[in-house]
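Taking it in order: structure first as structure tokens, then the write-up.
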Amino acid sequence: MESHIIRFSTNPELVDKHLPSDPQLNAYGFLAVEGSIDDMAKAISEDGWAISYQFKNDHRHTSNFIATDFLAVDIDGGLKLEEALNHPLVEKYCALLYTTVNHSADNHRFRLIFRLPHTITDASDVTAAAKALTHRLGGDPSATDAARMFYGSTDCHIQIFDRTLSEELLAELIIDGKEVSARDSSVSANSTTNRSSRHFGAAQEIRLANGRYVDVSSVIRNTSIYCPYHHDRHPSAFLGIKENGSRVRRQLDLPLATIRFAGL
């Protein structure tokens, strides 16, 4: 990526998750910014300002979405910090990690920022990509819409990696997120009780029962694995091979309709 400039917005009236004097400030005053990952880190950790995507008239609302050069994943009681740092997606693609206001030694609360390889200007693409990325990291699924705000955190633990998502992964995340949304709508309208399954790409890295990460292509049939689509404390899934040879994940504990995923 030639340019490392990121399009985002900040709200100087919202500091460290404190309640604003005027509730409308939660929606208004999001000033468009173009800066580096260091500029974003300063706004978050030194100024404590809330950040978000860019919006028309500085009004944070999905219908006003203009653009973003980043995605964020909220980790709220899932991965520990050390687990996140060792996760392949974080190791390869994360640009910034910081602990949030409610983080403690016993309850890890932090946010992962991923810089995009190009600017997204479609709100549905942002939501889809954020949803798929959040699934893969066991993050908070409620923090994936195109008008999501992310509070700052002064004196937080912050790490800057200055990495960027690949074009290939971003495209797959958008596809995955939209397929999940479509399938979820279908599931909610039907009383299907099939075991859930998702397609994997051959290059996707998965975690074996012994904790080691390997490519899907190197795993034999019916191997027990940790589910890569939610935060697994125990290996709750196994890898199967369909008749056409494609490898799929079958999760054992969710009575949902089949969900197809493109994989990493």
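The values are calculated or read from the model by the stated rules, or taken from the named source; none is laboratory data. None of these values were measured; they are calculated from a predicted model. Here the Cβ positions follow ideal geometry from the backbone for every residue, glycine too, while neighbour counts run over all protein chains shown. The accessibility values were calculated without ligands, DNA or RNA, using every heavy atom of the protein model including side chains. Shrake-Rupley method; radii C 1.70, N 1.55, O 1.52, S 1.80 Å.
Per-residue 3J(HN,Hα) values for segment 58-68, derived from phi via the Karplus relation 6.51 cos²θ - 1.76 cosθ + 1.60 with θ = phi - 60°, read 6, 9, 6, 7, 4, 5, 9, 4, 10, 6, 8 Hz in sequence order (x marks Gly and Pro). What's the local net charge at Ile6, with K and R +1, D and E -1, over the other residues with C-beta under 9 Å away? Cβ neighbours under 9 Å give a net charge of -1. Put a dot 7 Å past the Cα of Ala209, heading toward its Cβ, do the same for Gln159, and the two dots end up 3.0 nm apart.
Rank Leu31, Leu137 by accessible area, highest first, at a 1.4 Å probe radius?
Leu31, Leu137
The lysines within cross-link reach of Lys92, meaning a Cα-to-Cα straight distance under 27 Å and a gap of 8 or more places when in the same chain, are Lys42, Lys80, Lys131, Lys178. At an R0 of 22 angstrom, the distance between the Cβ atoms of Asp106 and Leu19 translates into a FRET efficiency of 0.30.
The overall shape of segment 1-120 is oblate: from the C-alpha gyration tensor, with semi-axes ordered a ≥ b ≥ c, the ratio a/c is 1.5 or greater and a/b is no larger than b/c. Converting phi to 3J(HN,Hα) with the Karplus coefficients 6.51, -1.76 and 1.60 and the offset θ = phi - 60°, segment 24-31 yields 5, 5, 5, 10, 10, x, 8, 7 Hz in sequence order, with x at every glycine or proline.
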